[in-house]
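Q: Quick one: the structure is below, questions incoming.
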Amino acid sequence: MSRLAQAFAKGRPALVTFVTGGDPTPDATASILDALVEGGADVIELGMPFTDPMADGPAIQLANLRSLGAGTTTAAIFRIAAEFRARHPEVPLVLMGYANPMTIRGADWFATECVKAGVDGVICVDIPPEEDPELGPALRDAGVSLIRLATPTTDHARLPAVLDGSSGFLYYVSVAGITGMQQAAQASIDEAVARIKASATIPVAVGFGVRTPDQAAAIARVADGVVVGSALVDLVAKHGTDAAGPVKELTAALAAAVHSARKGAF
Amino acid sequence: MQHLPPAPKVRALQIWTFPRGSAKRGRMNAPTPNSFRTLPDERGHFGQFGGRYVAETLMPLILDLEAEYRKAKADPAFQAEFDDLLEHYVGRPSPLYFAPRITEELGGAQIWFKRDELNHTGAHKINNCVGQILLAMRMGKTRIIAETGAGQHGVATATVCARFGLPCVIFMGATDVARQAPNVFRMKLLGAEVVPVTAGAGTLKDAMNEALRDWVANVHNTFYIIGTAAGPHPYPEMVRDFQSVIGKEARVQMMERTGRLPDVLVAAIGGGSNAIGLFHPFLDDPSVKMLGVEAAGHGLDKEHAASLAGGRPGILHGNKTYLLQDEDGQITEGHSISAGLDYPGIGPEHSWLKEIGRVDYTSVTDKEALNAFQLLCRTEGIIPALEPAHAIAAVQKLAPTMDKDQIILANLCGRGDKDIFSVAEHLGVSL
Ligand SMILES: Cc1ncc(COP(=O)(O)O)c(C=O)c1O
């Protein structure tokens, strides 16, 4: 079983956490990733910084700028990933970012680097199924999961196209909008997750706007995983190179809420 | 299934050594087996360029837009309303003007201008805005957003929003807000909300990022009027079609006035909408050469905004095209004296036309554009915008290498009122 499959097969919902690679500096990222693991995160999303993060709100935009300002390169991201893999052989690591940095040296180059660094999956914000040839075949050939996004605008007719060629998990973006916005109404999330799970054979994780353990627990009652990003990135913004402690603390609270969300519910 | 035309047989224009008397004059009567006017394909691609690289949230909307645009394009009522507004509201057709004194001064080819600077709102941008707002209303959208660089597209968008009574939000880089103050005030007078964008260098690309962010969050009621022939499919095609009125008129006017086609078309390129609007109707006329002029800023070895000359193919703002970027694919900031050319990308159809060699592309510096700006003021009594001043600077170099009976047609796509403050500053004059 792949590391990603295992993360969703622990008999409880999974906590997926996002931070931007190289924020505040490439060297500081290792301690922050370790804090996520120690706090109890099941899947780690490592953001690849981009100059033009069109799908991100102010918190993650600023994280991208801090990272690039500190000199983070694509090589540095893969170094961070490879070192993470050496320290944590079991924890799945996913790269999340935008098409241009992922494809600029060719999709095959990128897929090969992912394999070498022990990256399990890739989320590319601006490659929809219609442009799959840009990256999808190279990742699938290399055995790296292509994790696609579904959104409130992904209707019944589109969902099969989104699922086709996806693996690892499906990332349901609960709000039509950018990262860091307010969370969608819980009822709409419940409805969407039920609809998607009826067609999906892979786990469904829900993110965008999830900040607190209570919110995370509510989602974990219906979804296979909960993604938290901006709230953790805010802690990095606030504490800089000393962010590991606060990040671990929030992660632990989120993990406790997510992991126990269904206890006693059945 | 449409097929790509094979590599064209058109000779590349040797731009600075245009051999006297060697250019083919008149029309080549041999029929062209292939057309350069059939793209994009059904997936929105121009060769390897174009496409729909957008977040999933936008994808259903983009597909909807495409379907609705196809219907509108085939609907005579839509076309009639578009034509009517262009005639009575915008003031089309714009004149085709033979410029005698600049022709004499440069001492070579005859110089003609397509005078889109006489349009309502002072630039070609309004052509596209009229088309898109009609489409927005057809789709039942109730709120309009747009990005702007020089402010011309923002003004044109605010104008059509006022005309049709729709609320309008314009995203504009903070740097551009400062250097295009008159246009900011115009947009506000027209009832638009102007949102200064401070991310990045605060120029056009940052404004476009912010507009895309707004759009994803407001997909249900909002129509994004993109101002140039770039962005996800169908925008490059749609903007080109709306702007093609420039070239269609010019082709008819030139035939009426001179009985022949021009030898060379020249247009400035920011995202490439005025250029593709002029070029597209002539693409299948083999005798007509075309020159797109990018902004070389301080020089191609320094800061500039010439994506074709100094960039590589990449993915940004929904399409694959030439981009200014570093080796990791991080987008680098453009620079041009002209806010409307200060964009690190270019419309995908231009990337394709460059690669197949149908259109030639060159670039001129800030300084050359400033000189050309003054030349046109002095010789023709026309104050051009800094964007077409780039085209004029290229004409300045090209005309003397050509015969006196040859014809250059340049797109005078905007007037200079908006630029007088920044030109004064560059010339060391305080107003
Ligand atoms: C007068 C004028 N010309 C040209 C441009 C550049 O855009 P495009 O290349 O799409 O024509 C602008 C953009 O603001 C403009 O205002």
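Q: Tally up the carbon and sulfur contribution to the accessible surface of the protein assembly as shown as a whole percent, 1.4 Å probe, everything protein left in place.
A: That fraction is 54 percent.
Q: Hey, what did segment B:275-426 get for relative contact order, percent, Cα under 8 Å, at least 6 apart?
A: 21
Q: Per 10 Å bin, what is the whole-percent P(r) computed from every C-alpha pair distance within the protein assembly as shown?
A: 3, 15, 25, 24, 17, 10, 5, 1, 0, 0
Q: Please average, across the residues of A:96-107, the number of beta carbons from any other chain that are within 10 Å of each residue's own beta carbon, and give a whole number.
A: Other-chain Cβ atoms within 10 Å of each residue's Cβ, averaged: 5.
Q: While we're on this one: Report, to two decimal places, the Cα Rg of segment A:175-258 normalised by 2.2 N^0.38 Å (N = number of residues). All intermediate terms of the calculation are to be shown ahead of the outcome.
A: Values: Rg = 13.7 Å, N = 84, 2.2 N^0.38 = 11.8 Å.
It is 1.16.
Q: Right, something else. Compare B:LYS71, B:LYS404 by solvent-accessible area with a 1.4 Å probe and give them largest first, with all protein chains kept in place.
A: Sorted descending by solvent-accessible area, the residues read B:LYS404, B:LYS71.
Q: Once phi is turned into θ = phi - 60°, what whole-Hz ³J(HN,Hα) does the Karplus curve with 6.51, -1.76 and 1.60 give for every residue of segment B:322-335, x standing for Gly and Pro?
A: Whole-Hz 3J(HN,Hα) from phi for segment B:322-335: 5, 9, 7, 7, 8, 5, 8, x, 7, 6, 9, 6, x, 9.
Q: When chain A is modelled as a GNM with alpha-carbon springs shorter than 10 Å, which of A:ARG66, A:ARG87, A:ARG221 fluctuates the most?
A: A:ARG87
Q: Kindly give Rg over Rh for segment B:371-431, based on alpha-carbon atoms, with the Kirkwood expression for the hydrodynamic radius.
A: Ratio of gyration radius to Kirkwood radius: 1.03.
Q: Another question about this same structure. So what does B:HIS120 come to for accessible area, using a 1.4 Å probe and Å² rounded to 10?
A: 70
Q: From the protein chains alone at 1.4 Å, what is the descending order of accessible area for A:MET96, B:MET238, largest first? The partial results should precede the final answer.
A: On the way: A:MET96 25, B:MET238 0 Å².
Ranking A:MET96, B:MET238 by accessible area, largest first, yields A:MET96, B:MET238.
Q: Between segment B:83-158 and segment A:1-79, what is the separation of their alpha carbon centroids in Å?
A: Using only Cα atoms to place each centre, the spacing works out to 46 Å.
Q: Would you pull out the residues with amide H under 5 Å of B:GLY227's amide H, same chain only if 5 or more places away, H placed 1.01 Å from N?
A: B:GLU147
Q: Per-residue accessible area for A:PHE8 at 1.4 Å probe radius, Å² rounded to 10?
A: The accessible area of A:PHE8 comes to roughly 30 Å².
Q: Let me ask another. Determine the percent antiparallel among the DSSP beta bridges restricted to the protein assembly as shown, to the nearest 5.
A: Bridges in the protein assembly as shown are about 20 percent antiparallel.
Q: Chains B and A: how much accessible area gets covered up at their contact, both sides added, probe 1.4 Å, in Å² to the nearest hundred?
A: 2800
Q: Where the Cα atoms of chain A are projected onto their three principal axes, how long is each span, largest first, in whole Å?
A: Projected onto the principal axes, the Cα atoms of chain A cover 47, 41, 35 Å.
Q: If you take every residue apart from B:ARG101 with its C-beta less than 13 Å away from the C-beta of B:ARG101, what net charge results, scoring Lys and Arg +1 and Asp and Glu -1? Each step should come with its number before you reach the end.
A: On the way: positive: B:ARG378; negative: B:GLU104, B:GLU105, B:GLU380.
Every neighbour counted, the sum reads -2.
Q: Same structure, new question: Taking N as the number of residues in segment A:38-99, what is its alpha-carbon radius of gyration divided by 2.2 N^0.38 Å?
A: So segment A:38-99 has a normalised radius of gyration of 1.19.
Q: Moving to a separate point now. Can you give me the convex hull volume of the Cα atoms of segment B:199-258, divided per residue and expressed in Å³?
A: Details: hull volume 6.2 nm³, N = 60.
Spelled out: Cα convex hull of segment B:199-258, divided by residues, is 103 Å³.
Q: Give, as a single signed number, the net charge of other residues whose beta carbon lies under 14 Å from the beta carbon of A:ASP126, with Lys and Arg counted +1 and Asp and Glu -1.
A: -3
Q: Kirkwood Rh over alpha-carbon pairs of chain B, then Stokes-Einstein at 4 °C and 1.567 mPa s: what D in µm² s⁻¹, rounded to an integer?
A: Roughly 61 µm²/s, to the nearest whole number.
Q: Determine how large the accessible area of B:PHE421 is when every protein chain is in place; take a 1.4 Å probe and give Å² rounded to the nearest 10.
A: Result for B:PHE421: roughly 110 Å² accessible.
Q: A further question follows. Using Cα pairs under 8 angstrom and six or more residues apart, how large is the relative contact order of chain A, in percent? Don't skip to the end; give the middle numbers.
A: On the way: 531 pairs, mean separation 66.2, N = 266.
The normalised contact order for chain A reaches 25 percent.
Q: Shifting gears a bit: Pick from A:MET54, A:MET181, A:MET102: which is most flexible by mean-square fluctuation in a GNM of chain A where alpha carbon atoms under 10 Å apart are linked?
A: It is A:MET54.
Q: Now for a different question. So for segment B:53-181: antiparallel DSSP bridges make up what percent, rounded to the nearest 5?
A: That works out to approximately 40 percent antiparallel.
Q: Return a whole-number percent for the relative contact order of chain B, with Cα pairs under 8 Å and 6 or more residues apart as the contact set.
A: Relative CO of chain B lands at 22 percent.
Q: Oh, and also: So what are the ³J(HN,Hα) numbers for segment A:91-106, from phi and the Karplus equation (6.51, -1.76, 1.60; θ = phi - 60°), rounded to whole Hz, Gly and Pro as x?
A: 3J(HN,Hα) across segment A:91-106, in whole Hz: 8, x, 10, 10, 8, 10, x, 10, 4, 5, x, 6, 10, 5, 9, x.
Q: Compute the accessible area per residue over segment B:125-208, keeping the other protein chains in place, probe 1.4 Å, unit Å².
A: With all protein chains present, segment B:125-208 gives 29 Å² per residue.
Q: Between B:MET187, B:MET137, B:MET402, find the one with the highest GNM mean-square fluctuation for chain B; connect C-alpha pairs within less than 10 Å.
A: For chain B, modelled as a Gaussian network with Cα springs under 10 Å, the answer is B:MET137.
Q: Relative to the compact-globule scaling 2.2 N^0.38 Å, provide the ratio for the alpha-carbon radius of gyration of segment B:242-308.
A: Ratio of Rg to 2.2 N^0.38 Å for segment B:242-308: 1.28.
Q: Could I ask something else about it? For chain B, the longest stretch holding no GluC sites (Glu not before Pro) located in a DSSP loop with at most 11 other Cβ atoms within 10 Å is which?
A: Here the longest segment lacking exposed loop sites spans B:43-326.
Q: From the phi angles alone, apply the Karplus equation (6.51, -1.76, 1.60; θ = phi - 60°) to segment B:400-413 and give each ³J(HN,Hα) in whole Hz, x where the residue is Gly or Pro.
A: Ordered by residue, 3J(HN,Hα) equals x, 8, 10, 6, 5, 9, 8, 10, 10, 10, 10, 8, 8, 7 Hz.
Q: Restricting to chain B, what percent of DSSP beta bridges are antiparallel, rounded to 5?
A: Taking every DSSP beta bridge with both residues in chain B, the antiparallel ones total about 30 percent.
Q: How much net charge surrounds B:CYS377 when only the other residues with a Cβ under 13 Å from the Cβ of B:CYS377 are counted, with Lys and Arg +1 and Asp and Glu -1?
A: Local charge sum for B:CYS377: -2.
The values are calculated or read from the model by the stated rules, or taken from the named source; none is laboratory data. Owing to the predicted nature of the structure, the values given are computational and were not obtained by experimental measurement. Don't worry about glycine lacking a Cβ; one is built from the backbone with ideal geometry, like all the others, and counts go over all protein chains shown. With ligands, DNA and RNA removed, areas are computed over all heavy atoms of the protein, side chains included. Shrake-Rupley method; radii C 1.70, N 1.55, O 1.52, S 1.80 Å.
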